[in-house]
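Participant: Provided herewith is a single structure, encoded as structure tokens, for subsequent inquiry.
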Amino acid sequence: SLTAGIVGLPNVGKSTLFNAITKAGALAANYPFATIDPNVGVVEVPDARLDKLTELVEPKKTVPTAFEFTDIAGIVKGASKGEGLGNKFLSHIREVDAICQVVRCFEDENITHVSGSVNPIDDIEVINLELILADMESVDKRLLRVGKMAKQKDKEALIEEPILVKLKDALEKEKPARSVDLSEDELKVVKGLHLLTIKPMLYVANVSEDEVADAANNKYVQQVREFAAAEGAQVITICAKIEEEISELDDEEKTMFLEELGIEESGLDQLIRASYDLLGLATYFTAGVQEVRAWTFRKGMKAPACAGVIHSDFERGFIRAETVAYEDLVEAGSMAAAKEAGKVRLEGKEYVVQDGDVMLFRFNV
Ligand code: GDP
């Protein structure tokens, strides 16, 4: 399954945030696949539509869909040259699908900052540069080989070489690989390089307890926003310490606590949803009387592949899917009413599933 990796310099609040994630996940005891890897935390994806469907269908049980975060500790300046946990750290980043970079935006005299003072942009640049240097090494190595093959008129090398040159140009200007405008086909050609800076990144500004309600006015947060805007990246503001506290509360207590603090939605919930979007993920629902449930798929996936998310047999034996859009179902008020209104479609193998579809799969066993 897809996972987002949490990175950041030491003492920025990564462990605190990751604790919040694991605790929140432990409360969500629904997950049979609860992982045993201590560096992976599973969380529920908050989705108000699921509550509405539960009201409508009154099932025995409701199961949200889940999402994984991976804790990647150990980046320091010089990681790409093997400093600290260097190479090990970078190899862990290779395995994740998106990167959440935690940035320290809180002041606290008692907590040392690795470079002496709080400076979020410096911090971001340290990390991004390590990732860029590592990618430069990968691209240079590859270019050396491919360049030789291209000289001998190797067809594939002739296609790959100019793409590598484009990447090299960007990296040399300290720009991430994701900033290079590559077509789907070009992306496929360089997929095997497992570049770090080609992965989507979002910034997590960690602010102090007393500033979280008014984070927009925090000067560090403003700096991070400006920086992120320039590269088209998103910023989520959280207070990791508060997230850790509320991760132990049930939903009702959590709502009350957030209200007291003047926060609309917990930072962790925002982070989960933003990461989900960043990875191009979407949700469809199954809504039976036994169980109403949310399932994760990648945008663009067709009905049989989506059925396969539930069970491989569903994909193999797929015949068709009774499908109704969430809005149509809610408007109709019940599945029967939606059918009467002609809102329930029979979709076949080529149907591209949409976010919010409520589906019932028909399949051969
Ligand atoms: P890591 O090294 O990035 O994993 O950082 P930690 O999560 O261990 O946090 C380092 C220190 O900063 C710990 O003492 C945390 O309690 C503290 N800390 C983390 N987040 C916050 C926060 O939002 N506000 C304050 N005041 N302290 C925090």
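The values are calculated or read from the model by the stated rules, or taken from the named source; none is laboratory data. Quick caveat, the model's predicted, so the values are computed rather than measured. Note: ideal-geometry Cβ built from the backbone for every residue, glycine included; neighbour counts use all protein chains shown.
Participant: Here is a list of conditions, (1) crowded, with 16+ Cβ neighbours inside 10 Å; (2) modelled with pLDDT of 90 or more, and residue 253 meets all of them except one; can you say which number that is?
Facilitator: That leaves (1) as the condition not met.
Participant: Which of the residues belonging to segment 183-202 are more than 16 Å from residue 120 (Cα to Cα) and outside any helix (DSSP H, G or I)?
Facilitator: 183, 194, 195, 196, 197, 198, 199, 200
Participant: So, restricting to strands (runs of 3 or more DSSP E) that lie completely within segment 267-365, which ones have at least 3 residues that are more than 24 Å from the chain's Cα centre (by Cα)?
Facilitator: Of the strands (runs of 3 or more DSSP E) lying wholly inside segment 267-365, those with at least 3 residues that are more than 24 Å from the chain's Cα centre (by Cα) span 318-325, 345-347, 357-363.
Participant: In the list 248, 226, 260, which residue meets the criterion of being under 24 Å from residue 42 (Cβ atoms) and either assigned by TED's automatic domain parsing to the domain that holds residue 18 or not in a helix (DSSP H, G or I) (or both)?
Facilitator: Step by step, each of 248, 226, 260 is checked, and only 248 is under 24 Å from residue 42 (Cβ atoms) and either assigned by TED's automatic domain parsing to the domain that holds residue 18 or not in a helix (DSSP H, G or I) (or both).
Participant: Kindly indicate whether residue 158 is over 24 Å from the mean Cα position of the chain (by Cα), crowded, with 21+ Cβ neighbours inside 10 Å and at pLDDT 95 or above.
Facilitator: no
Participant: Let me ask something additional. May I ask you to say which residue of 108, 122, 97 is modelled with pLDDT under 95, within 16 Å of the ligand (Cβ to nearest atom) and within 28 Å of residue 3 (Cα to Cα)?
Facilitator: Within the list 108, 122, 97, the selection yields 122.
Participant: Look at residue 205 and say whether it is part of a helix (DSSP H, G or I) and under 24 Å from residue 122 (Cα atoms).
Facilitator: So residue 205 fails the test.
Participant: Within segment 1-49, can you find the residues that are away from the ligand (no atom under 16 Å from the Cβ), in a loop (DSSP other than H, G, I, E, B), at pLDDT below 80 and not aliphatic (A, V, I, L, M)?
Facilitator: 1, 30, 31, 32, 33, 35, 37
Participant: Here are the criteria: (1) crowded, with 19+ Cβ neighbours inside 10 Å; (2) part of a helix (DSSP H, G or I); (3) not aliphatic (A, V, I, L, M). Tell me which single one residue 101 does not satisfy.
Facilitator: (2)
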